[in-house]
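Visitor: Structure below; questions to follow.
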Amino acid sequence: MIKEATTDKLRERGSRVERVIAGWLRLGVFASVTLIAIGFVVSSIHNPGYLTDPEAFRRLTAPGSFFPHTISDLVAELLSLRGRAIITLGIIVLVLTPVVRVVLSIIAFAADRDWIYVAMTGAVLVLLLASFVVGAAH
Amino acid sequence: MTLALFFFAALALSTFAGLLGSMLGLGGGIIVVPALTLLLGIDIRYAIGASIVSVIATSSGAAARYVRESVPNLRVAMFLELGTTVGALGGAFLAGLIAPQWLYVLFGLLLLFSAATMWRKSDANVVAPSDRLADALRLHGALPSGYGAPAMPYRVGRSRFGFVISIVAGVLSGLLGIGGGVLKVPAMNLAMGIPIKAATATSNLMIGVTAAASAGVYFSRGDIDPFIAAPVTLGALAGAALGAVLMRRVAAKHLKLAFTVVLWIVALEMMRKGISQ
C-alpha cells in the first residue's frame, strides 16, 4: 500500500534531477554522434581509397594499426584536423556522459539538501576515479 | 572486406545490439563481440574495445529518454551503483587470485537459477516485503503511465539483498569483464519488487557508469580503434534510441520472456566457458 502523498512528493523531488540528467545525456549523445560522423566523413575525404580499398581496410583495422591513444597524440592530431582524431574525440565525449551524469546528480541532490544521496553518489564518483587509476596502473 | 562494407555491416549489427540491450538493461557485448570477431574478422582486442564503447552508447542513448520520462528509479540506481563500483574495484584486486573457470561455472549456475525463477514468475508482479532501509533511503517509486497503463506505484523491498547482488555483479564485471545487468535486473525485479520495465531502465542507466570506469583503460592501452568503434557506436546509439521508444509499446510479459531467453543463453555460454577452460 503506497500513500498517494508519498508518491507525489517523490515525483516532484525527482523531476528536477531527472530533467537535468536527461538534458545532459541528450547533449552528450548529440555532440558525440556529430563528432563521430564528421570524423568519418573527413577521413574518407582526405583518403579517397579508405572506403573501397580492401588493403586500406586491413591496415586500418588489423592489430598494430596506428591511431591516437594518448591525450597529447589526440590533441596534436585534432589540431591538424585528422578524421580519426575527431572520431576519437566523439568517443571520449560519449565515455564521459555517464561520469558527468554522476557529477550532475551530486549537484542536484545537494540542491535538494538530500545529504545521504550526496554522500552516496560522491562515493560512487570517488570509486569510479579510483578504479580508473587502478586499471591504468595494471 | 572494405571499410564501406564493414561500416554498414557493423552499423546494422550494433543497432540490433543497442535495441535489445536498451530494452533489457544489458550491455549488448554478448552480441557485439562475437559479431565483430566471428562475422567480420576483427581482432578480439579491438572487438572488446569497441564493445565497451557500445555499452556506454546503449546506456546513454536510451537513458536520455528513459530519465526524462521517469522510467528508471534514480535512487535505486545510485544505491546499487555504490555496490557495483565497490565490487568492481574489489574484483580488479582479486583478479589473478581466483581461477576464472570456477567463477564462470558459479556465475552460470546463478543465472540458471535467475532464469528459472523468472520463468516461474513471468506473469506476476512481485510484491516485496516492507523494508526499513528502503523507507529511510526513499527508494520507492512509480512506473509512469504509458509504460504499464495506468501509472504503477511500487514499494521497494529487500534492499540489502539487492545491494549484495550489485556488489557480486561488480566483482564479476571486474574479474570476467561481464556486465552486471544479467544479475541486477532479476534482483531488482524478483527480489526488490521493481516492475520489469523500471528494472531494465534502471539497469540501463547503471551499465554506462560501470563501462565508463573501464573505458579509460581500454583507450590508453590502444584497444579502441576509431574506424571499428565509429560504426559500432553510431549503431548502438541508434538502436538504443529506438529501443527506448519501443519500450512503451512492448508488453511487460513479453519483455520478461525475452529477458529469460537471453538469461538461458548467457548462462549456458558461461557454463561452457567454465568447463572448456
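The values are calculated or read from the model by the stated rules, or taken from the named source; none is laboratory data. Every value quoted in this text rests on a predicted model; they were computed, and no experiment measured them. Neighbour counts run over all protein chains shown; Cβ positions are idealised from the backbone, glycine included.
Visitor: Which of (1) of a type in the set (Gly, Ala, Ser); (2) more than 10 Å from chain A (Cβ to nearest Cβ); (3) surrounded by 24 or more Cβ atoms within 10 Å (Cβ to Cβ) does B:ALA211 not meet, given it meets every other one?
Guide: Among (1) of a type in the set (Gly, Ala, Ser); (2) more than 10 Å from chain A (Cβ to nearest Cβ); (3) surrounded by 24 or more Cβ atoms within 10 Å (Cβ to Cβ), B:ALA211 violates only (2).
Visitor: Does any residue in the stretch B:74-102 that is without any contact (Cβ under 8 Å) to a residue 24 or more places away in the chain and surrounded by fewer than 24 Cβ atoms within 10 Å (Cβ to Cβ) come within less than 9 Å, Cβ to Cβ, of a residue that is of a type in the set (S, T, N, Q) and not in a helix (DSSP H, G or I) six or more places away or on a different chain, and which pairs are these?
Guide: B:ALA99/B:GLN277
Visitor: A:THR34 - would you say it is more than 8 Å from chain B (Cβ to nearest Cβ) and under 14 Å from the mean Cα position of the chain (by Cα)?
Guide: Criteria met by A:THR34.
Visitor: Output the number of residues of the stretch A:40-74 satisfying the condition of being at the interface with another protein chain (Cβ under 8 Å from one of its Cβ atoms), farther than 18 Å from B:ALA229 by Cα and touching a residue at least 24 places away in the same chain (Cβ under 8 Å).
Guide: 0
Visitor: Given the criteria of a type outside the set (A, V, I, L, M), touching a helix residue (DSSP H, G or I) at 6+ places or on another chain (Cβ under 6 Å) and more than 8 Å from chain B (Cβ to nearest Cβ), does A:GLU77 qualify? I'd like the intermediate steps shown before the answer.
Guide: Working: of a type outside the set (A, V, I, L, M): yes; touching a helix residue (DSSP H, G or I) at 6+ places or on another chain (Cβ under 6 Å): yes; more than 8 Å from chain B (Cβ to nearest Cβ): yes.
Yes: the conditions hold for A:GLU77.
Visitor: Can you list the helices (runs of 4 or more DSSP H) found entirely within the stretch A:49-138 that contain at least 3 residues being modelled with pLDDT of 90 or more and under 16 Å from B:GLY216 (Cα atoms)?
Guide: Hits in the stretch A:49-138: A:83-111.
Visitor: Are there helices (runs of 4 or more DSSP H) fully within the stretch B:122-212 with at least 2 residues that are touching a helix residue (DSSP H, G or I) at 6+ places or on another chain (Cβ under 9 Å) and aromatic (Phe, Trp, Tyr)? List them.
Guide: Qualifying helices (runs of 4 or more DSSP H): B:159-176.
Visitor: Count, please, the residues in the stretch B:213-229 that happen to be in a helix (DSSP H, G or I), in contact with a Lys or Arg (Cβ under 9 Å, 6 or more places away or on another chain) and among the small types (Gly, Ala, Ser).
Guide: So the answer is 0.
Visitor: Quick one: would you say B:THR200 is under 17 Å from the mean Cα position of the chain (by Cα), closer than 18 Å to B:TYR46 by Cα, among the polar types (S, T, N, Q) and surrounded by 24 or more Cβ atoms within 10 Å (Cβ to Cβ)?
Guide: Considered against the rule, which asks whether it is under 17 Å from the mean Cα position of the chain (by Cα), closer than 18 Å to B:TYR46 by Cα, among the polar types (S, T, N, Q) and surrounded by 24 or more Cβ atoms within 10 Å (Cβ to Cβ), B:THR200 comes out as no.
Condition check ((1) out of contact with any His (no Cβ under 9 Å at 6 or more places or on another chain); (2) at the interface with chain A (Cβ under 10 Å from one of its Cβ atoms); (3) in a helix (DSSP H, G or I)) across all residues:
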{"site": "B:LEU20", "(1), (2), (3)": "yes, no, yes"}
{"site": "B:VAL33", "(1), (2), (3)": "yes, no, yes"}
{"site": "B:TYR46", "(1), (2), (3)": "yes, yes, yes"}
{"site": "B:SER51", "(1), (2), (3)": "yes, no, yes"}
{"site": "B:ILE56", "(1), (2), (3)": "yes, yes, yes"}
{"site": "B:ALA64", "(1), (2), (3)": "yes, yes, yes"}
{"site": "B:SER70", "(1), (2), (3)": "yes, yes, no"}
{"site": "B:ALA77", "(1), (2), (3)": "yes, yes, yes"}
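Visitor: Of the conditions (1) within 19 Å of A:THR61 (Cα to Cα); (2) in a helix (DSSP H, G or I); (3) at the interface with chain A (Cβ under 7 Å from one of its Cβ atoms), B:VAL232 clears all except one; give me its number.
Guide: The failed condition is (3).
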